[in-house]
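Data block below; observations after.
Just so you know, all these numbers are worked out from the coordinates, no wet-lab data involved. Please read all numbers here as calculations on a predicted model, not as lab measurements. Glycine also receives a Cβ, built like all others from the backbone with ideal geometry; neighbour counts cover every protein chain displayed.
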Amino acid sequence: MSELRVLSVYEGFFSGGARILHSDVILGLHGGAQEHAVLTVQGEMHREATRQRMEDDACYRSLTGAGVPVTALRRGTDAAEGEPFSATELAATARATAAADVVLSLKEQPLALLNQAGLPLRPVVVCLHRSDPENQGPALDALLAAVEAGRLRAGVCCAESTRAAYAAAGVPAELLHVIPNGVDLLRFRPDPVQRARWRASLGIDDQAPLVVFAARYAGMKNVPLFLRAARRFLRQEPRGHVLMCGAGMTAANPGLRADIDAALGDEPWLAERMSLLGVRQDMETVYAAADVVSLTSSSGEAAPLCLIEGMMCGAVPVATDVGDCAELVAGHGMLTPPDPAVIAAAWSEAAAGAAAFAPALERSRERFSRERMIAAYGTLIEQVHHGLAPAPAALPDPF
């Protein structure tokens, strides 16, 4: 029997949880019963005050290193937003889709390309990772157009909040399937040795309360709220420290510098206990060194990968109530209102009581298994290929 050929289409390669997770799915499925390839619209992205070249991206390097072919339609950023696709780009897309049995669209944005007239008709599965489709601009229109045209055969939702939001936005409920996010449990685990070494490298005492904020510099992440909470936390915890990781989380970002100045006000010396680390490839070490993983988002989140990865490394999650955060945090950490004083107090309480949360975090590990997630994706892709994609409730447990 020949391998099932799957093409994933990305808007571009840039640092973010959805791309990390989707690339991990591809790596888990490629080379078995399925053969995967990636087509990216952009070969270079300028986001979060950071220019991100495809070739520099960790996901790109992992995919190509595993033998997954990656093709870019536009290698630079010269094309203006909304600019029509050229005949050359459409021809390349037609060749790529003709060679596939099933097409996966990472989020809604690539559907603007896949909806173009004249492309080979292949069943499309869209992978949805947000809880606010109404804030996706023309991408939601492209999604609904794909539904209307009959191209869309299934939508993978990473969270129940995602399924509910997209159903409310007009996507037929029978097309929407929830496959919870999962992570590599061998990589993301408590590691006392790495915790001690990494803290020592930053000059942070082993007993000092340490909060990590892993997010890209984007409005939905509500960085100003995090920084206001950080001021209170650092003031009330003389040994406390805050780490900020992700695209744009560097001193080279003038927007972040301005946010820090505004948040710290007349206490600028508190910044001495704030580390801006940017994009990291060793997040398992960062999380293992932390006591708390925090998220202060105001919108958009579904099942944030940073909370899952941090929890699996032993960090206590503290998050605002967006998307499925309440379900993820329940029993494992703390949910807060968007109030800096409450958030700072929760960080202190979570850091002091981390040992009490440890048993629940350990018991939940299988729930967040990468293998379970990948098997579920593989099953759904095969069912779509054979025209057997079930209603959401009928999707079988792969184990």
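A compact table of results
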{"quantity": "Where trypsin sites (Lys or Arg not before Pro) fall in DSSP loop in segment 250-330, at most 13 other Cβ within 10 Å", "calculated": "none"}
{"quantity": "In segment 328-392, chymotrypsin sites (Phe, Trp or Tyr not before Pro) in a DSSP loop with at most 10 other beta-carbon atoms within 10 Å", "calculated": "none"}
{"quantity": "Estimated 222 nm signal from helices in the chain, with DSSP H stretches of n ≥ 4 weighted -39500 (n - 2.57), rounded to 500", "calculated": "-11500 deg cm²/dmol"}
{"quantity": "Nearest-ten-degree value, helix 138-149 long axis tilted from longest Cα axis of the chain", "calculated": "30"}
{"quantity": "Long-range HN-HN contacts of Arg280 with modeled amide H, under 5 Å", "calculated": "Gly246"}
{"quantity": "Cα-based Rg of segment 180-315 normalised by 2.2 N^0.38 Å, two decimals", "calculated": "1.01"}
{"quantity": "Added length on full extension, which subtracts the Cα-Cα distance from 0.36 nm per residue, Asp261 to Ala99", "calculated": "53.1 nm"}
{"quantity": "Label-point separation in nm, Glu362 to Ser298, each point 7 Å along Cα→Cβ", "calculated": "4.1"}
{"quantity": "DSSP beta bridge pairing in the chain, given as percent antiparallel to the nearest 5", "calculated": "10"}
{"quantity": "Relative contact order (%) - the chain, alpha-carbon pairs under 8 angstrom, separation at least six", "calculated": "16"}
{"quantity": "Residues Arg51 and Leu185, FRET efficiency given R0 of 30 Å [Cβ-Cβ distance, rounded to 0.05]", "calculated": "0.35"}
{"quantity": "Estimated FRET transfer efficiency (Ala168, Ala330; beta-carbon r; R0 25 Å; 0.05)", "calculated": "0.60"}
{"quantity": "Nearest-ten-degree value, helix 192-202 long axis tilted from longest Cα axis of the chain", "calculated": "70"}
{"quantity": "Distance in nm between pseudo-label sites at Ala341 and Ser86 (7 Å out along the Cβ direction from Cα)", "calculated": "5.9"}
{"quantity": "Glu35 long-range amide H proximity, modeled H, under 5 Å", "calculated": "Leu4, Arg5, Val6"}
{"quantity": "Integer Hz, Karplus 6.51/-1.76/1.60 couplings in order for segment 368-384, x for Gly and Pro", "calculated": "10, 5, 4, 4, 5, 4, 5, 4, 5, 4, x, 4, 5, 4, 5, 5, 5"}
{"quantity": "Length added when fully stretched, Met220-Arg197, from 0.36 nm per residue minus Cα-Cα", "calculated": "5.0 nm"}
{"quantity": "C-alpha long axis of helix 254-264 to longest principal axis of the chain, angle in °", "calculated": "30"}
